[in-house]
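Everything on this sheet refers to the single structure shown next.
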Amino acid sequence: MRRGLKASRAHTIWAIMNTLTETFADKLLGFTLPTRNARARAVRLDTVIADVLSAHDYPPPVTHLLSEALVLAALMGGLLKADGDDAQLTMQAQTKTGVVSLLVCDYRGGKLRGYADFDAERLAKLGANPSLSALFGEGFLAITFETGAEQRYQGIVPLEGETLAEACEAYFSQSEQVPTMIRIASRSSGTDCVAAGLLIQHLPDGEEGRERLHVRLDHPDWEHVSTMASTISHDELLDPSLSLEDITWRLFHEEDEIRIQPGNPLARGCRCSADYYVSVLKRFPESERAEMRGEDGQIAVDCAFCAKKFELAL
């Protein structure tokens with residue numbers, strides 16, 4: 001099946017909801033295909049990635065890995081129904097034996113942050129383009145959705161596949177049982193990096209007495225949508241002159257209806273503060289806080305996400 005790049009708009013109801021400008025970078029775009037029971041999120045990150053990476057001097061393989069993880073956090077965070085301080089998506093990849101011991105990203109109300117901890121000496125021996133298995137070994141991926149009011153659910157899957165995107169697809173398949181396709185592209189040159197992604201899902205049919213779509217992975221609607229979405233190219237996702245709305249149109253212009261749902265503008269957002277760390281440290285017994293204090297009587301705390309340093313007296 002092939003997609004054309006030109007078609008008469010008379011064949012499609014192009015429902016743009018509250019859209020005044022097109023989306024090019026650092027903003028989420030959501031859309032649905034109502035007649036196909038599908039929803040999607042698309043994003044292209046530019047300044048956000050630069051801001052997150054500026055906190056640490058990451059080597060190219062980790063820059064690529066963290067960029068992909070930030071795109072995934074934005075895509076999955078954009079699925080949250082509640083959007084604010086009480087709604088958060090956290091993605092954490094961890095291993096005890098890998099070169100990258102920890103990778104964590106989270107999304108809350110359009111704010112993204114991320115951090116990677118790795119063994120620089122071991123990483124240098126892997127070459128320029130190490131595989132996911134070479135970076136993590138036998139690790140796991142945990143994805144946690146928090147929607148407020150103590151509503152929290154988490155899924156954990158083995159860190160398998162060629163990319164983090166494949167591991168996330170496995171999460172949705174195993175933990176959510178929702179057919180999901182994710183495509184990620186990234187490009188870096190020195191300290192400049194841009195990354196983009198598309199996530200599309202087939203939603204369950206919730207009507208009582210009818211078969212849920214997640215038990216029919218061969219559903220013809222999903223086969224059609226995933227086939228069309230898979231034609232997106234690396235260059236299209238990253239093209240700065242091509243808006244995310246244009247990408248949506250290129251992929252699905254033959255559908256009866258496309259509903260565009262503009263999402264949050266995105267930015268780096270670290271939530272560290274002196275007050276927060278003081279509240280955490282107060283939970284420790286005085287005997288343990290005494291061991292943390294330096295010669296000046298203060299406790300030094302570094303934020304792994306943004307590299308800020310705090311000197312706290314308590």
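What to note about this one:
- Residues within region 40-73 that are in contact with a Ser or Thr (Cβ under 9 Å, 6 or more places away or on another chain) and either open to solvent by less than 10 Å² (accessible area, probe 1.4 Å) or assigned to a helix (DSSP H, G or I) (or both), tallied: 16
- Among (1) open to solvent by 70 Å² or more (accessible area, probe 1.4 Å); (2) part of a helix (DSSP H, G or I), the one test that Ile247 misses: (1)
- Across region 218-244, the qualifying residues are those that are surrounded by 14 or more Cβ atoms within 10 Å (Cβ to Cβ) and over 23 Å from the mean Cα position of the chain (by Cα), and the one among them that is farthest from Leu28 (Cα to Cα) is His219.
- Matching residues, region 120-142, being in contact with a strand residue (DSSP E or B) (Cβ under 8 Å, 6 or more places away or on another chain) and open to solvent by 100 Å² or more (accessible area, probe 1.4 Å): Glu138
- Checked against (1) more than 26 Å from Cys105 (Cβ to Cβ); (2) open to solvent by less than 40 Å² (accessible area, probe 1.4 Å); (3) at pLDDT below 90, Ile258 meets all criteria but (3).
- Residues in region 26-37 that are farther than 15 Å from Trp249 by Cα and buried (at least 18 other Cβ atoms within 10 Å of the Cβ): Asp26, Lys27, Leu28, Arg36.
- Qualifying residue in region 261-273 (condition: basic (Lys, Arg), touching a Pro at 6+ places or on another chain (Cβ under 7 Å) and part of a strand (DSSP E or B)): no
- In region 143-153 there is at least one residue matching the filter, namely being farther than 21 Å from Leu237 by Cα, open to solvent by less than 80 Å² (accessible area, probe 1.4 Å), among the aliphatic types (A, V, I, L, M) and at pLDDT 95 or above.
- Some residue of region 276-297 being surrounded by 16 or more Cβ atoms within 10 Å (Cβ to Cβ), touching a residue at least 24 places away in the same chain (Cβ under 8 Å) and in a strand (DSSP E or B): no
- Failed condition for Arg210, given (1) closer than 19 Å to Thr35 by Cα; (2) exposed (fewer than 14 other Cβ atoms within 10 Å of the Cβ); (3) modelled with pLDDT of 90 or more: (3)
- Residue among Asp51, Asp85, Asp106 that is at pLDDT below 90 and either closer than 20 Å to Gly269 by Cβ or within 12 Å of the chain's Cα centre (by Cα) (or both): Asp85
The values are calculated or read from the model by the stated rules, or taken from the named source; none is laboratory data. None of these values were measured; they are calculated from a predicted model. Every residue, glycine among them, receives a Cβ derived from its backbone with ideal geometry; neighbour counts consider all protein chains shown. Calculation scope for accessible area: heavy atoms of the full protein, side chains included, ligands and nucleic acids excluded. Shrake-Rupley method; radii C 1.70, N 1.55, O 1.52, S 1.80 Å.
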